[in-house]
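Any read-out appearing in this document is the output of simple, stated calculations on the displayed coordinates, not a laboratory observation. No experiment lies behind these values; they were computed from the predicted model shown. Note that each Cβ is placed from the backbone with ideal geometry, even for glycine, and that neighbours are counted across all protein chains shown.
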Amino acid sequence: MAGKKLKITLRRSPIGTGRRHMACVKGLGLRRIRHTVVLEDTPAVRGMVNRISYLLKWEEVA
């Protein structure tokens, strides 16, 4: 996974989800709908993405 990055976009509002899901959105650095961040591909980031995958659109970036 060294050198890989993930491009993550918030597609749906986290309002109405649980506290842990809201914390994952905040932990990924996403602030509003259609906000995109590029993060290192680490197991911690993958875990957060997997937990809230229904709110996100993501892709691997070289």
Within straight-line cross-link reach of LYS26, lysines at Cα separation under 20 Å, skipping those fewer than 8 residues along the same chain
LYS5, LYS7, LYS57
To the nearest 20 debye, what charge dipole does the chain have about its Cα centre, counting +1 at the Cβ of each Lys and Arg and -1 at the Cβ of each Asp and Glu?
320 debye
Once phi is turned into ³J(HN,Hα) by the Karplus curve 6.51 cos²θ - 1.76 cosθ + 1.60 with θ = phi - 60°, what whole-Hz value does each residue of segment 48-62 show in order, with x for glycine and proline?
5, 4, 5, 5, 10, 4, 5, 9, 10, 10, 9, 8, 7, 10, 6
Estimated vicinal HN-Hα couplings, Hz - segment 18-30 in sequence order (Karplus 6.51, -1.76, 1.60; Gly, Pro = x)
x, 4, 5, 5, 4, 5, 5, 4, 5, x, 7, x, 8
Say R0 is 22 Å: what FRET efficiency, to the nearest 0.05, do ALA23 and ALA62 get from their beta-carbon distance?
0.15
Note down the net charge around GLU40, summing +1 for each Lys or Arg and -1 for each Asp or Glu among other residues with Cβ under 11 Å from its Cβ.
+2
Which of the following values of Rg and Dmax of the Cα atoms in Å was calculated from the structure shown: (i) 10.9, 35; (ii) 19.5, 58; (iii) 11.0, 39?
(i)
Given the -39500 (n - 2.57) contribution per DSSP H run of 4+ residues, what per-residue ellipticity at 222 nm results for the chain, rounded to the nearest 500 deg cm²/dmol?
-8000 deg cm²/dmol
